[in-house]
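Inspection log for the structure reproduced underneath, given as structure tokens.
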Amino acid sequence: MSCRRYFISGRVQGVFYRSSAQRYAQSLELTGWVRNLRDGRVELLACGEASVLAELEKWLEIGPEYAKVTNIEVIMENPSIIPAAFEVLPTVV
């Protein structure tokens with residue numbers, strides 16, 4: 001199992017990016033979380049098989065209908081605790 005952290009930039013807040021990402025990640029049976037950041041980006045942690053994470057990454061580049069993704073930063077992660085489900089977290093303030 002692999003985990004990756006994504007920082008998604010562009011028009012990604014106020015366009016249902018978090019809830020859409022959660023639904024898509026759950027459909028892929030990934031675990032993790034997604035949240036808005038104060039600087040306008042979305043942060044997402046996903047854990048699962050590498051091939052499934054690659055499929056998620058393709059979706060993250062496009063996002064939901066009204067999103068306009070301009071950049072995605074990907075960081076390989078080794079979290080001390082693997083999330084049991086995929087959830088939307090509160091915005092970081």
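The values are calculated or read from the model by the stated rules, or taken from the named source; none is laboratory data. The model shown is predicted, which means the values in this text are computed figures rather than measured ones. Counting neighbours? That spans all protein chains shown, and the Cβs are built from the backbone with ideal geometry, glycine included. Heads up: the accessible areas ignore ligands, DNA and RNA and are worked out on the full protein's heavy atoms, side chains in. Shrake-Rupley method; radii C 1.70, N 1.55, O 1.52, S 1.80 Å.
Overview of results
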item: Residues of segment 57-91 satisfying the condition of being open to solvent by 50 Å² or more (accessible area, probe 1.4 Å), in a loop (DSSP other than H, G, I, E, B) and hydrophobic (A, V, I, L, M, F, W, C); result: I81, I82, A84, A85
item: Residue within segment 13-22 that is within 14 Å of M1 (Cβ to Cβ) and surrounded by 11 or more Cβ atoms within 10 Å (Cβ to Cβ) present; result: no
item: Every residue from segment 23-49 that is in contact with a strand residue (DSSP E or B) (Cβ under 8 Å, 6 or more places away or on another chain), outside any loop (DSSP other than H, G, I, E, B) and open to solvent by 50 Å² or more (accessible area, probe 1.4 Å); result: Q26, R35
item: Boolean, V93 is β-branched (V, I, T) and in contact with a strand residue (DSSP E or B) (Cβ under 8 Å, 6 or more places away or on another chain); result: no
item: A54 vs. criteria open to solvent by 40 Å² or more (accessible area, probe 1.4 Å) and touching a Ser or Thr at 6+ places or on another chain (Cβ under 7 Å); result: no
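Residue-wise test of (1) more than 14 Å from C3 (Cβ to Cβ); (2) β-branched (V, I, T).
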position: S51; (1), (2): yes, no
position: L56; (1), (2): no, no
position: E65; (1), (2): yes, no
position: T70; (1), (2): yes, yes
position: E77; (1), (2): no, no
position: V88; (1), (2): yes, yes
position: V93; (1), (2): yes, yes
